[in-house]
Structure formats: structure tokens, C-alpha cells
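Student: Below is the structure I would like to discuss, written out as C-alpha cells.
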Amino acid sequence: MRTTKDIGSLATKPAPGLISIVIPFYNEEDVLPHLRESISDFFTKLPCNTEVIVVDDGSTDSTLKGLQGWAKESAQVRVVCLSRNFGHQAAATAGLDCARGEAIVLMDADLQDPPELILEMLTEYRNGYDIVHAQRMARMGESWFKRATAWIFYRLMKTLVYDRMIPDAGDFRMISRSCLAALQQMRETHRFLRGMVAWIGFPQTTVRFVRPPRKAGETKYPLRKMLRFAWTAAVSFSPLPLRLVFGMGFVVAGLGGLIAFYTIMSRVLHLYVVPGWTSIMLTLCLIGGFILIGLGVIGEYVAKIYEEVKRRPLYVIDPIRSRNLE
């Protein structure tokens, strides 16, 4: 898939002198040994220098201890320890802010984002693309329900929230230093990195892969968190919920008009009209329900405005437990 520009109009680039691989962690002690082995083996295949920025997002197991041990044995590994759990998007942002490479890769820790795909991303980067998305063709080891909800999520985000989003592309991608500089100017509290990367523009393309099953441990994005993430994406990146409420208001007004027309015509035509407790209650419930929904949606936007204007930091780094950040 080629987007933004034709390949012939892009200027080729040399291989980056340094690639930064950013990996957020939250309670991933089971998968860490597998990831460490995979990343260490992969270092030898890259034609350039590499640093790995691992971000501990307030883990409550032995993840941080394992990351610190890895950094102690390898100067290429830098540990960013957050003072508490700030969430995946904030942890990813912390890692991106600490990256020093000319090309930066963001990936998950569960090895469902295979490191070997970085070589294909690097080829597209050298072809002139500033953003290279990893697009999933299939998802192995996941239930039909998970696959179906993920498919629906990406199509809804593209259709209703932002039409330039790449379907079936998560946070696994490579971006250039100039792209990262633009992304760092966007400091909103409620972050949706997939939409933000698509919004900033720059030449973009995709590499496709079959997503393997999780190597170990359990997913950190069950249905509850996925729904919360989708809601955050919708209200932080689009006015769509407000417009839906506006549209529902017209629907309710239309229903009220039909009921009023029916009542008037029944009176004009001398039709039998039962004193209508049911119709009155139905109308009141419809109107009251939509008013409450509208107030709730508006309240969500007001709450997010309130959180934004406080201008609190997106994350807080614990310098004592971090490693190799100098």
C-alpha cells in the first residue's frame, strides 16, 4: 500500500546511523526472557547501530527488575521507569521522547510484533517514507470474538473518526526523526497515537504481516480496556459523538412531530382517541433519555477539556530506578 505520494516522487535516504526501538512494558515478566533473546539475536541482522528503550509503566511484578538486569548487561538498553502506571499511550510517548535515533520503531512487548519486520520497514524508510505502518493480514492464536471486535474497531475508527487511519495497523510502526519532532508538538493528555501519527501527514506506507500469537503471559487489552480505548479515541480525536447526539435530537424531534400530527388529525377526523398515558410516557422517556445521553456526552468533553487545561505532564519518570538515560 502506498499513500500520500507516489514512490517515484520520494527522495531515497541512507540507512539511519541509529535506530531506536521503543517498547512499553506492564507486568510482562513472563514474556521478557523471550523478548530479550529475540531482540538480542535481531541486533546482528541490522545494518546500523541500535538502542532499545524499554519503558516500565508501573509494573507490579518483577518486570522492572528484569529490565534493569538487561540494561546492566547491555549498554544498548535504556530503562525508563515511570513513577506509576500512566497507561500504554503515555508510556509509549515517554519512550519516544527519550529516543535518539534517526529512525524510531514503536512495538509491543508480547512478540506479536515480530522484530524481523523492522528490516522490511527499514527498506521502505530508505525508499523515502517517513512513516511505515505494520498492517496485520491475519491474527493467529486469538478467538473469533477478539478478531471480530478488532476488525469492527479499526473500520469504525477509519469511517467515523478519521478517514486517513490505516485499518488493522496498531502501534507497531517506524517513523523518521522529522516525523517524531512533529508528533512531539502534540501534547494532549488523552492520546491516540495511531490517529495522531496519521494526522501529521508525511509520506506513509505499510508492510503487511501475519500477527503471531502472544509468546507468553496474558493480554493487557481485554474487551473492557478496548472499549475504553475506543471511547477515548472517539472523544479525543473527533467531535463525532456530539454530532451523533445532535442527530438523535432531530430524530426525537421528528418522532414528536409525527405524534403531534397524529393527534391533530385524530381530532380533526373525529377518530376515537384513548386518553394516552402510554404515548405520553413513551414520549417523555424518549426525550428524557436523549437529554441525559446528550448531557453525558457533553460532560465527557467538558471533563477532557478540564484535564487538558491543567497542563499536567503526560508521565513522570523515576530517575533512581531508570537506567542508561544519560
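Student: Starting from the Cα-Cα distance between Glu188 and Met226, subtract it from 0.36 nm times their residue separation and give me the gain in nm to one decimal.
Tutor: Difference between extended and current length: 11.7 nm.
Student: If you don't mind, another one. Need the full-extension length gain, Leu244 to Ala148, defined as separation in residues times 0.36 nm minus the C-alpha distance. One decimal, nm.
Tutor: This chain segment gains 32.2 nm when fully extended.
Student: Per residue, how much accessible area does the range 1-92 have with a 1.4 Å probe, in Å²?
Tutor: 44 Å²
Student: Quick check on the range 38-130: take the gyration tensor over C-alpha atoms, sort the square-rooted eigenvalues as a ≥ b ≥ c, and tell me if it's rounded (a/c under 1.5), prolate or oblate.
Tutor: prolate
Student: Could you sort 303-310, 205-212 so that the peptide with the highest average Cβ count within 10 Å comes first and the rest follow in order?
Tutor: Answer by packing, highest mean first, reads 205-212, 303-310.
Student: Go through Leu10, Leu82 and list them by solvent-accessible area, largest first, probe radius 1.4 Å.
Tutor: Descending order: Leu10, Leu82.
Student: Right, another one. Please state the shape class of the range 12-168: rounded when a/c is under 1.5, otherwise prolate if a/b exceeds b/c and oblate if not, all from the C-alpha gyration tensor.
Tutor: oblate
Student: In addition: Provide Trp231, Trp151 ordered by accessible surface of protein heavy atoms (probe 1.4 Å), highest first.
Tutor: Trp151, Trp231
Student: Shifting gears a bit: If you keep only loop residues by DSSP, which trypsin sites (Lys or Arg not before Pro) in the range 1-109 have at most 14 other Cβ atoms within 10 Å of their Cβ?
Tutor: Lys5, Lys45, Arg84, Arg100
The values are calculated or read from the model by the stated rules, or taken from the named source; none is laboratory data. Not measured: the values here are computed from a predicted model. Please note: Cβ atoms are built from the backbone with ideal geometry, for glycine as well, and neighbour counts cover all protein chains shown. Accessible surface is based on the protein model in full, side chains and every heavy atom, while ligands, DNA and RNA are left aside. Shrake-Rupley method; radii C 1.70, N 1.55, O 1.52, S 1.80 Å.
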